[in-house]
1. Using a 10 Å cut-off around each Cβ, can you sort A:ILE316, A:ILE338, A:ILE349 from fewest to most neighbouring Cβ atoms?
2. Averaged over every viewing direction, what's the projected area of the C-alpha convex hull for the range A:136-223? Give it in nm², one decimal, please.
3. Stick to Cα atoms and the Kirkwood definition of Rh, then tell me Rg/Rh for the range A:337-474.
4. Compute the distribution of all C-alpha to C-alpha distances in the range B:2-68, in bins of 10 Å from 0, and list the percent of pairs in each, rounded to whole numbers.
5. In whole angstrom, note down how far apart the Cα centers of the range B:57-126 and the range A:429-502 are.
6. Just to check I understand the Karplus step: with θ = phi - 60° and J = 6.51 cos²θ - 1.76 cosθ + 1.60, what whole-Hz values come out for the range B:94-102, glycine and proline as x?
7. In whole Hz, with x marking every Gly and Pro, tabulate ³J(HN,Hα) for the range A:56-70 from phi via Karplus 6.51 cos²θ - 1.76 cosθ + 1.60, θ = phi - 60°.
8. Along the charge dipole of the protein assembly as shown, which of A:VAL483, B:LEU57, A:VAL421 sits closest to the positive end, that is, farthest toward it, with unit charges on the beta carbon of Lys, Arg, Asp and Glu (+1, +1, -1, -1)?
Amino acid sequence: MFEHMAAGFEAAFSIANLAALVFGSFVGIVVGVLPGLGPMVGMVVLLPFSFSFPPDIALSLLLGVFCGGYFGGGIPAVLLRTPGVPSSIVTSFDGYPLTRKGQAQTALSAALLGSFGGGIISVLILMFLAPALAHVAASFGPPEYFTVALFGVVLVVMAFRSQLGRGIMLLGLGFWFSTVGIDGTTLSERFSFGTLSMQNGLDIVPVCLGLFGIGQTLILVEQNIMKTDHIHLSRSTLDFSELWKALKYWKTLIRSGVIGTFVGLLPGTGSILASFLSYDAAKRLSPEKEKFGHGTPEGCIASEAGNNAVPAGAMIPLLTLGIPGDALSAVLLGVFTINGIYPGPLLLIKEPVLISTLYFSMLLINVAAFCMLMLWLRPFAMIVKVPGRLLAVVIMVISMVGIYAVNTRLFDAGVAIAMGVLGYILLRLGWPVVTLVMGVVLGEIMENRLRETLSLGDGSFLILFERPICIFLILLTLLTIVVPMIMDAKKSRQGSKTASGTNP
Amino acid sequence: MREKSSSSRVHDLLGSALGVFALVMLLLSPWQVDRSGPDPFYKGPLLFPLITLCLMLAGSVPSIIRMVRPGTTQWYLDGHGKPFRAARVLGCLILYLGGLIFAGLEIATFVFLLAALKLVGQDTLVKLSVIPLLVTVILVVIFKYFLAIWFPEPLVMQFFME
């Protein structure tokens, strides 16, 4: 075990890996700072480039963007009350009031320390939890995998239960996309409409790149998201003395990191929930409750530690079960599979060096992003002044060439444009695009596991009720559906009672 | 605004369109899925597509009902105006794809950037001259020379060579 760790350590510190993770973190911070872009756009733009690298370097590059995006997102939230990534909205609750009081450095120090601490804590949890979960998952058969995937899918749909019908529709559409082309098991043609190009199917890369890369940039072309560009920072670097002051909230930091990791572990929950839960816990347990919402560094630490712990948390189900927790880890799953590596419980046994490299790389990404922001705070903050529309056009052209470069097929670029149109419509209408991506990613996994399960049961689903883990997971799935619905019904009943009480 | 947007008929139209699409695919699936193999139905290639299309159809039912019986809902997008600019840039992007075949990476990229920047209002002389040139050079260097990606020979070049 130690020799694998040593080999992973050595690989993580190789020049190529360090360059990849630093560059990835840099891109991540840039797209994180720019409101309206976010780490997903950065990841899908770099995705085509990553295919020319070995898997460890490709993963470092993309994980750099993933984590760097959350680091960067807090800066415009603190300085302009405009979150760079959606989850940073919580950071603005206390960060912006501090900026208004002339304490931007205090707020930024707290936010960056929170991001750094949350990231490190979550990687440490990942290192200990992933092997334990993989050990449990090693005894899984196709029925268990199917029920786990089903549970994940239900969690994602229920996370958007205010749009349940839309979520189900998009999940179905994503599943359907995954069936287009030659079926891997029977080699039968499906929905190719007699065309050769469609026989290869709709690859996850052009689908994701279209939905997020093209779709999001079309939104950016249409809407001027950034409304202000007044930034006042007393110095170019972070004020180091403020960092020491922020360290007095170390308990909040650790607690928020742990909350963020476990929220990230659950599919579909996302970083916004992690930020909110961490912030809420910090507020409830703080001796200075009254300061929350009016400007306290503790609020910034809690929010940023919560959202930056999500990437490593989301890696736990991805590495141990092969099930991505969100759209960003779905893209990472694509990197694994394109390199012939299939995440699951055996991955930790089959690829121990790669996994160790991944752990150390994630630790280094947090260090790199923290150091970059600490030293070049003002230059990064100034990025918000770059016109969004100009960036959108440049990103579009990079995306198109990149997507062609993956398989040198113009058909893929056409798919990306079609998905871009769909993504634009869905994003503009506020539909849950994540369920569509989850459908595309989990479609093949679920179909194969479903067939294997039915084969084991001679065509009967009853086999699921003969296995204790499956029964437990089915019960959990049912609870995931029923409990939120009961709670929602209770809330609406209470709401209507209050309304009838106030309107006699 | 959010509530108004969420219950607008635009959503119902999209939901209904997806439902109709699922229905059409469901009806076409016996012909669009090759079932000639010896596998029983539960191992075959049709089961999962049927499940997914039924799922889509089930999800679209509320939208279809609301589309038929609109009640008080109105046509409303999101308060950010009609998507004319995005449509124009999208048109450029589609033409860019054709341009890659017809004129090649270098010319197509330069012309696309020039046109798209003009369309989005980033049309100062410096931006229009520097950015297209810079991005084109970077893309060509990275993709053609660094990653050695093959790009189709431009049709216009073939024409002149002949």
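1. On the way: A:ILE316 25, A:ILE338 17, A:ILE349 12.
Fewest-to-most Cβ neighbours within 10 Å comes out as A:ILE349, A:ILE338, A:ILE316.
2. That works out to 8.9 nm², a quarter of the Cα hull's surface.
3. Numbers: Rg = 22.0 Å, Rh = 20.4 Å.
With Rh from the inverse mean 1/r over Cα pairs, Rg/Rh is 1.08.
4. 21, 38, 23, 13, 5, 0
5. A separation of 34 Å, based on Cα centres.
6. After applying 6.51 cos²θ - 1.76 cosθ + 1.60, I find 5, 5, 4, 4, x, x, 4, 6, 7 Hz.
7. 3J(HN,Hα) across the range A:56-70, in whole Hz: 5, 6, 4, 5, 4, 4, 6, 5, x, 5, 4, 6, x, x, 6.
8. It is A:VAL483, whose Cα lies furthest towards the positive end.
Values quoted throughout were computed directly from the atomic coordinates according to the rules given, and no laboratory measurement underlies them. From a predicted model like this one, the values you see are computed outputs, not experimental measurements. Cβ sites come from the backbone with ideal geometry, for glycine too, and all protein chains shown count toward neighbours.
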